[in-house]
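Derivation of every value follows stated rules applied to the coordinates shown; laboratory data play no part. All figures in this text were calculated on a predicted structure; none of them were measured in a lab. Cβ atoms come from the backbone with ideal geometry, glycine included; neighbour counts cover every protein chain shown.
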Amino acid sequence: MTTVTPAAAGSAASPGPDGATSFRPATPDDLPACAEVWRDSLNDYMGRLNLPPIPDELAPIGRLHAHLQSTDPDRFWVATDDRGSIEGFVSAVVRDRVWFLSMLFVRPGIQGRGLGRALLGRALPTRDDGMLLATCTDAAQPISNALYSTYGIVPRMPLLNLTGRPTQPAALPALPAGIAVTPLDPVADAEAIDALDRDVAGFAHPQDHRFLASEGRRGFVYRTGTSVVGYGYASAVGRIGPVAVRDESVLGPVLGHLLGALEPRGASAVWVPGHADRAVVTLLDAGLRFEGFPVLACWSAPFADFRRYLPISPGLL
């Protein structure tokens with residue numbers, strides 16, 4: 001278990017490493033500026049890799065930031081300069097015993113001053129209370145990966161983005177006989193979904209299921225008789241996930257069902273852990289392809305069975 005004692009957890013409006021920067025908990029009014037920092041920071045390093053820029057449409061990331069800030073306001077901090085402009089931000093969530101770093105970004109041009117470490121210190125747990133630490137980072141960010149590793153949040157597994165539509169649908173296995181599919185009812189199915197999440201992912205996150213529903217993702221529950229053996233989400237914009245299954249052998253058939261449950265407006269996209277190797281092979285055989293660099297899933301101690309759990313996204317397990 002990793003013991004974390006941030007060097008400067010600080011209080012609201014506490015000074016930064018250069019004396020000019022201050023830190024305070026974020027408010028809803030800060031979120032548009034945080035989205036701009038996110039976009040500008042990603043575009044800065046992606047441009048150096050000759051990758052296409054992030055579009056200026058920031059509404060989706062803004063809604064995610066609003067969700068993170070509303071569920072964990074004491075773990076969403078901003079760094080501001082002497083004029084009050086936001087220089088960087090950090091956001092983390094706690095789901096049962098898992099602390100997950102969702103985002104840590106500093107505006108280009110002022111990186112390397114210690115702002116990232118100072119922000120991280122304000123979001124981390126303040127004592128060893130059995131909390132497991134986790135995050136997902138870009139493989140092309142060695143400085144960030146080294147920073148997280150000093151806290152025991154070490155890269156353990158690739159998270160692969162597979163995109164496209166099945167051009168070889170016969171490669172997708174059908175659901176086994178006896179498995180019934182029903183729409184996920186956020187009230188009636190809540191207890192069973194929480195139990196499955198704790199068994200497979202290591203934590204329950206009903207607040208994130210509610211967020212998915214508000215984002216237009218349609219949930220499906222897979223049952224044998226009265227027993228829930230899995231759930232999964234699909235959406236009209238092509239997003240697949242999260243997915244949780246009781247038995248690893250059911251993951252491929254569930255993905256096959258989700259890919260056909262809704263006809264998206266464009267390509268489908270699903271984040272698949274490297275540990276779910278059979279699912280990776282199945283999706284590639286069906287015609288999906290790898291998109292971009294792998295993301296690195298990092299943690300201080302094991303908490304989930306990623307052969308049976310596919311996360312929402314790198315920013316929200």
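Among 232, 259, 212, whose Cα sits farthest toward the positive end of the charge dipole of region 161-294 (+1 at Cβ of Lys/Arg, -1 at Cβ of Asp/Glu, about the Cα centre)?
Towards the positive end, the residue furthest out is 259.
Can you compute the helix-only [θ] at 222 nm over the chain? Use -39500 (n - 2.57) per DSSP H run of at least 4 residues, normalise by all residues, nearest 500 deg cm²/dmol. If you can, show how the numbers build up before the last one.
Numbers: 8 runs with 89 residues, N = 317.
Per the formula, -8500 deg cm²/dmol.
Placing unit charges on C-beta atoms (Lys and Arg positive, Asp and Glu negative, everything else neutral), compute the dipole magnitude of region 161-294 about its Cα centre in debye, rounded to 20. Please report the intermediate quantities before stating the final value.
Values: 11 positive and 14 negative charges, 76 e Å.
Roughly 360 debye, rounded to the nearest 20.
What percentages, rounded to whole numbers, describe P(r) for the chain computed over all alpha carbon pairs with 10 Å bin width beginning at zero?
6, 26, 34, 23, 9, 2, 0
If I take every Cα pair under 8 Å that is 6 or more residues apart in the chain, average their sequence separation and divide by the length, what percent do I get for the relative contact order?
Values: 639 pairs, mean separation 66.1, N = 317.
Contact order relative to length: 21 percent.
Rank-order 258-267, 289-298, 115-124 by packing density, defined as the average count of other C-beta atoms within 10 Å over each peptide's residues, highest first. The partial results should precede the final answer.
On the way: 258-267: 15.4, 289-298: 17.7, 115-124: 22.2.
Sorting 258-267, 289-298, 115-124 by mean packing, highest first, produces 115-124, 289-298, 258-267.
Could you give the nm distance between label points at residue 29 and residue 249, where each point is 7 Å from its Cα heading toward the beta carbon?
5.9 nm
If you place +1 on the Cβ of every Lys and Arg, -1 on the Cβ of every Asp and Glu, and leave all else neutral, what size is the dipole of region 65-139 about its Cα centre, to the nearest 20 Debye? Don't jump to the answer; show the numbers that get you there.
Numbers: 9 positive and 9 negative charges, 18 e Å.
That gives region 65-139 a dipole magnitude of about 80 debye.
Calculate the length of the line joining the C-alpha centroid of region 272-301 to that of region 154-231, in whole Å.
17 Å
Normalised by the number of residues in region 14-130, what is the relative contact order in percent for Cα pairs under 8 Å and 6+ residues apart?
Working: 180 pairs, mean separation 33.0, N = 117.
Relative CO of region 14-130 lands at 28 percent.
Could you sort 222-231, 43-52, 187-196 so that the peptide with the highest average Cβ count within 10 Å comes first and the rest follow in order?
On the way: 222-231: 17.0, 43-52: 12.1, 187-196: 15.2.
So the order, starting with the most tightly packed, is 222-231, 187-196, 43-52.
So for 271, 77, fewest C-beta neighbours within 10 Å to most, what's the order? Mind dumping the intermediate values first?
Numbers: 271 22, 77 26.
Going from sparsest to densest Cβ surroundings: 271, 77.
How large is the dipole of the chain about the Cα centre if only Lys and Arg carry +1 and Asp and Glu carry -1, each at its Cβ, rounded to the nearest 20 debye?
Values: 27 positive and 32 negative charges, 75 e Å.
In debye, rounded to 20, the chain gives about 360.
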